[in-house]
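The values are calculated or read from the model by the stated rules, or taken from the named source; none is laboratory data. Since the model is a prediction, treat every value here as computed from it, not as a measurement. As a convention, Cβ positions derive from the backbone with ideal geometry for all residues, glycine included, and neighbour counts pool all protein chains shown. Ligands, DNA and RNA are stripped out before the accessible areas are found, and what is left, the full protein with its side chains, is counted by its heavy atoms. Shrake-Rupley method; radii C 1.70, N 1.55, O 1.52, S 1.80 Å.
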Amino acid sequence: MTSAAEMRADADGTVSICSLRVGTGLFGIDTRQIREVLGTTTPQRVPLAPEYIAGVVPYRGEVLTTVSFRALLGLERWTGTNCILVFDGEQNEERFGLIADGISGVIALPQDALEANPSGLDARSMELFDGAFKLPSGLLVHLDPRKLRPSRLAESGLFGRVNQERQGEQR
């Protein structure tokens, strides 16, 4: 998988971005990094898991851990329909799913239009975001799936607290 610095453009200098909605934000991931998009699926919650772990879902005979992007952004839990983007690991990295409110579509953007994160972002946003594209309708924040892996999120220590409410559910 590629970061913003490693993102490869097509011959015409564009990158194909899958745009997704979470809350009021618009985010994008290079389509070459997405294995599959699953329709509406409800993850099975995992007891005592960090809040950013939405749960697990069956996926091609395996159990797929899903990450709630809403939880990573500090947004309330979503009760509407959602979708799961599945990412494959490279070099024995974990396969996981990212839950988003919805997919907006695929757009082609000039690779050189990707701007770096502003220096004023908080630590959590710096950990998650990989730059942004300016669109006529606003910003599209670029994401690198490697930064969203459950193991990486746990290692960062920025997202790993177990939600006290969820602990109470298990008693």
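Before moving on, here are some points about what is shown:
- Within segment 74-85, at least one residue is touching a Ser or Thr at 6+ places or on another chain (Cβ under 7 Å) and open to solvent by 40 Å² or more (accessible area, probe 1.4 Å).
- Summed over segment 86-114, the residues that are charged (D, E, K, R), out of contact with any helix residue (DSSP H, G or I) (no Cβ under 9 Å at 6 or more places or on another chain) and within 20 Å of residue 16 (Cα to Cα) give a count of 1.
- Contacts under 6 angstrom Cβ, first residue in segment 63-81 being assigned to a loop (DSSP other than H, G, I, E, B), partner of a type in the set (Lys, Arg), 6 or more apart: 78/70
- Residue check for residue 8: out of contact with any Pro (no Cβ under 8 Å at 6 or more places or on another chain) and modelled with pLDDT of 90 or more: no
- Some residue of segment 21-31 being in contact with a Phe, Trp or Tyr (Cβ under 9 Å, 6 or more places away or on another chain), surrounded by 14 or more Cβ atoms within 10 Å (Cβ to Cβ) and of a type in the set (Phe, Trp, Tyr): yes
- The set of residues in segment 32-68 being on the phi > 0 side of the Ramachandran plot and open to solvent by 40 Å² or more (accessible area, probe 1.4 Å) consists of 48, 60, 61.
- Helices (runs of 4 or more DSSP H) wholly inside segment 87-171 that include at least 1 residues being open to solvent by 80 Å² or more (accessible area, probe 1.4 Å), modelled with pLDDT of 85 or more and within 25 Å of residue 44 (Cβ to Cβ): 150-156
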